[in-house]
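All of the numbers you see were taken from the coordinates with simple rules; none came from a lab. For clarity, every value in this text was computed on a predicted model and none was experimentally measured. All Cβ positions, even for glycine, are placed from backbone atoms using ideal geometry, and neighbour counts span all protein chains on display.
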Amino acid sequence: MRIAVFTDTYRPEINGVVTSIDTYRAELERQGHEVWIFCPRYFGQDDPHPRNVRMPSIPFPFKMMKERRVAWMSPAAILRFGRVKADVIHSQVPGNLGVGAVITSTVWRTPHVHTYHTHYMEYTHYMPFPRPFARRAVIWIARHFCGRCSHVIVPSNGIKQEILGYGVDAPITIIPTGIDLQGRQTSTPLDDLFERYGLGDTDRLRGKRLLVSVGRLGREKNIRFLIRAASRIRDAGEPFHFFMIGDGPNREEIEEEIRARGLNDEVTITGYLRRDDVLSFLRASDLFIFASKTETQGLVLLESLAVGTPVVAISATGVDDLIGDDVGGILTPDDPDRFAEAVIHLLRTPRLYREKRREARARAALWSVEGQARRVIAVYEAAIREIRRHGMPRFRRHHRF
């Protein structure tokens, strides 16, 4: 099968959507399928991958999303799609290239599957519009965009219920992003990672438990909650060091709060790291801590579980699907005191900690990419059959841009 992926975000950006695209591409190609990716060109750079089609783009107009690009379908890309003769289009973001996927699907009468990855309602603070208008825009775009798709994939039941509430009437299937469980047993030593990223000397970690988080340093990730929790862990006398992996628009504010709370010796912001190095940090750490309440799935949680690092996280949509019943970690209320207590309890209870490590790997095995990719292919095949039997889906007629 030939699959054309349309996405408004791709490498060199680092985020969950990009990780999902790359994870599925590798597995689908391993299973014998051909995957083409239509994505933005960044900084005028060419892409050597023969099946990546880079589109012209400009910087995103909102200051707080400066790493993003606004791309559009060029005539050359449209012709390239015609030559690919794709069996199915799979869009990843309802942006410009998502609209390009809708138009291309209509012109070539190709089934269009969309994955609704992101809890967009929690990102409206980045828009330079009044919040009520931005929220109505999110609902309108979701309803009309998804209504033009043959099928919609969502990573969790919480997101399915949310977009149903928006009025989305396309068929919806829950398929979490799978995880590649192969090749995760090797890792780069911390000494080498510290030297590679200029993080100083690992001697300062001696006798300390290592905590780690991974995510964009933006308000929606609730990073400042983790700083408050770290302050309470320090005050309780637990020796630790917290690696905050990521970067983003709120980095300066976060660094200021770290200084204000006197946590400079306990917290290190690493910036963005290579993907394999992120996994090495996860493996070297004692706990993964996570405070975001806006995740559709929390793929990085799954990566932590896969390398056997237990999780302490706030109970929220997406997170609960992975750590339900405290399997592989501990879920807490949105309370930094309770969160810090859970971290300290897990670190000071060796038997419980060993149990959570075993649970973590067992839980991650349920989300293997092999099985999830087969489910995605089944959605593609159903969409293709529907087009062949009945033409373009009827519900599209009720959703005009």
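Tabulated values for the structure
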item	result
Lysine pair number, Cα distance threshold 24 Å (strictly under), the chain, separation 8 or more or different chains	9
Correct option for Rg and Dmax of the Cα atoms in Å [calculated from the coordinates] among (i) 24.7, 82; (ii) 21.6, 67; (iii) 22.9, 85	(ii)
Packing-based exposure ordering (other Cβ within 10 Å, fewest first) of 34, 266, 303	34, 266, 303
Cα gyration tensor shape of segment 1-79, rounded if a/c is under 1.5, else prolate or oblate by comparing a/b with b/c	oblate
Value of [θ]222 nm, deg cm²/dmol, for the chain, DSSP H segments ≥ 4, -39500 (n - 2.57) each, nearest 500	-13000 deg cm²/dmol
Gained length - residue 76 relative to residue 191, 0.36 nm times residue gap less alpha-carbon distance	36.7 nm
Contour minus Cα-Cα distance for residue 173 and residue 351 (0.36 nm per residue)	60.2 nm
The chain: angle of helix 131-146 to the longest principal axis, Cα-based, in degrees nearest 10	50
Global form of segment 190-365, assessed from the alpha-carbon gyration tensor, a/c cut-off 1.5	rounded
Order of 73, 121 under a 10 Å beta carbon neighbour criterion, fewest first	121, 73
Residues residue 236 and residue 374, FRET efficiency given R0 of 45 Å [Cβ-Cβ distance, rounded to 0.05]	0.45
Fewest-first ranking of 208, 85, 160, 221, using other Cβ atoms within 10 Å as the exposure measure	85, 208, 160, 221
Highest-first arrangement of 101-111, 3-13, 162-172, where packing means the average Cβ count within 10 Å	3-13, 101-111, 162-172
Label-point gap, in nm, between residue 255 and residue 381 - each point 7 angstrom along Cα→Cβ	5.3
